[in-house]
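The values are calculated or read from the model by the stated rules, or taken from the named source; none is laboratory data. If you're wondering where the values come from, they're calculated on a predicted model, not measured in any experiment. Ideal geometry is used to build each Cβ from the backbone, glycine not excepted, and the neighbour counts take in all protein chains shown. These area figures cover heavy atoms from the full protein model, side chains too; ligands, DNA and RNA do not enter into them. Shrake-Rupley method; radii C 1.70, N 1.55, O 1.52, S 1.80 Å.
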Amino acid sequence: MAFQFSTSARNAALDAIETAVGTSAILRIRTGAPPANCAASRTGTVLVTMTLPSDWLAAASSGSKAKSGTWQDTSADNTGTAAHFEIMDSGGTTCHMQGTVTATSGGGDMEIDNTSIASGQQVTVTAFTLNAGGA
């Protein structure tokens with residue numbers, strides 16, 4: 001049997017993720033496939049780098065936790081096709097989370113306004129939600 005958790009326990013686990021990553025986390029969007037895991041060497045070209053809002057995720061509710069505030073880079077670092085993201089600590093040294101990137105309504109772990117990025121272009125994250133399993 002798979003574990004099942006109360007909504008309170010699922011919410012607490014999600015809120016603990018944001019606490020572990022810390023305030024003012026750094027989001028990088030990159031080309032290519034993500035590394036095998038967060039501890040592996042980073043892969044792909046960095047297209048976008050942004051410092052997320054101090055409180056970058058809303059309080060967990062009903063086993064979900066969505067982005068809070070505006071996640072936007074006003075000037076992309078490089079040109080390429082966005083494919084994966086990494087969320088790092090505020091120093092940009094420790095990867096705490098990674099996943100796929102698609103255009104809005106594309107079903108990726110993170111959705112952005114346009115995956116075809118040109119250097120200097122504005123890039124906005126349109127959707128990002130964490131869901132706790134065990135419902």
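Summary of computed values
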item	result
Pairwise label distance in nanometres, residue 113 with residue 41, each label 7 Å out on the Cα-Cβ vector	3.5
From phi via Karplus (6.51, -1.76, 1.60), per-residue ³J(HN,Hα) for region 38-44 in Hz, x at Gly/Pro	5, 7, 6, 4, 5, 10, x
Dipole moment magnitude, nearest 20 debye, region 1-132 about Cα centre, only Lys, Arg, Asp, Glu C-beta charged	180
Heavy-atom accessible surface of the chain: percent carbon and sulfur, 1.4 Å	51
Length released on extending from residue 15 to residue 103, taking residue separation times 0.36 nm less the Cα-Cα span	29.0 nm
1.4 Å probe accessible area per residue over region 1-101, in Å²	48
Dipole of region 26-126 [Lys/Arg +1, Asp/Glu -1 at C-beta], most positive-end residue of 95, 47, 59	95
Relative contact order (%) - the chain, alpha-carbon pairs under 8 angstrom, separation at least six	29
Region 1-66: chymotrypsin sites (Phe, Trp or Tyr not before Pro) falling in loop per DSSP and having at most 14 other Cβ within 10 Å	3
Inter-centroid distance (Cα atoms) of region 52-87 relative to region 91-132, Å	6
Listed residues 23, 70, 51, most fluctuating in the chain (Gaussian network, C-alpha, under 10 Å)	70
